[in-house]
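What follows is one structure encoded as structure tokens, with my remarks underneath.
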Amino acid sequence: MAKQCSNLLELRIIRCTQLKGQSFVAVGDNCPKLTSLNISGCPGLYSPHLWKIVKGCPRLTHLRLNACSNICNEALIAVGKHCPKLVLLTCQDNTNVTDGCMEQLIAGCPKIQTLCVHATGVSSCGVHEIAKLSQLRSLDLSYLRTVTTEAIKTVVHRCEHMLTLNLCLCSQVNDDCVAYIAKNGKKLKNLFLVSCNVSDEALICVGKYTKTIVRVDVGWCRQITDHGAREISKFRPQLLYLGLARCNQVKTETLEELKQKFPTIHYSTSIDD
């Protein structure tokens, strides 16, 4: 197919488990105008194949490489070398992607605005490199259990244009970290904290200190109670969404009361919302 599509701009190859190396290489050989590429759930993709793709597709601006179990740092180094126009990169669920590629990736792709490294091998060192992305708008660090609060604070401090920050399942995130985010995330609108180590104090800090956040999710945070839900609603009535799934200390009666008092806030207790 690739040989007959030299003008192709967008390509999605998702969960094609039977595709082998030459199929991927053909994309790089024959589609030089490609700007958007999604190769996800493809175990037949290895780092040398991706190297040839990005070398042959220098116009790429959007690249998704999720759950490709056989790519590693070499693949992301190739992206940094050949994709200077990249604005979106997702490489979630790739445990072989670690800090080792971050410096070259970030240096070569300074225009990245959306980055997802969910469930990769990236740690605090890699996050400090990510903090160099001055145009970053959306960052997903979820399920990076070793990332420290200091690394997160560095990102929030340096990435002044960030609108969305996903820290779900980051066990190091605590009330102090959330307070820092609320005070220093100057343009932040969406903050996701599912299953983090936070209490009512985190919600109170968001309510008191932010002037921009409109969506907060603290689902599965067992220390959240009625008090936290009430206080963030009182201090931040401009909220549009408050996620409280499996926050079992928040009573149904309290939610009904808050829904009546703050009708513009959507209080979600469903994991599917």
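How many residues does the stretch 151-183 hold that are closer than 23 Å to Thr90 by Cα, among the charged types (D, E, K, R) and in a helix (DSSP H, G or I)? Count: 2. Checking each residue in the stretch 143-160 for being open to solvent by 70 Å² or more (accessible area, probe 1.4 Å) and either small (Gly, Ala, Ser) or closer than 13 Å to Lys132 by Cα (or both) picks out His157, Arg158, Glu160.
Note on the stretch 217-253: among residues that are polar (S, T, N, Q) and assigned to a strand (DSSP E or B), the one that is least open to solvent (accessible area, probe 1.4 Å) is Thr225. In the stretch 15-48, of all residues being of a type in the set (A, V, I, L, M) and out of contact with any Gly (no Cβ under 7 Å at 6 or more places or on another chain), the one that is farthest from Cys68 (Cα to Cα) corresponds to Leu34.
The values are calculated or read from the model by the stated rules, or taken from the named source; none is laboratory data. Since this is a predicted model, take the numbers as computed values, not measurements. Positions of Cβ are backbone-derived with ideal geometry, glycine not excepted, and every protein chain shown enters the neighbour counts. We work out accessible area using only protein heavy atoms, side chains counted, and drop any ligands, DNA or RNA first. Shrake-Rupley method; radii C 1.70, N 1.55, O 1.52, S 1.80 Å.
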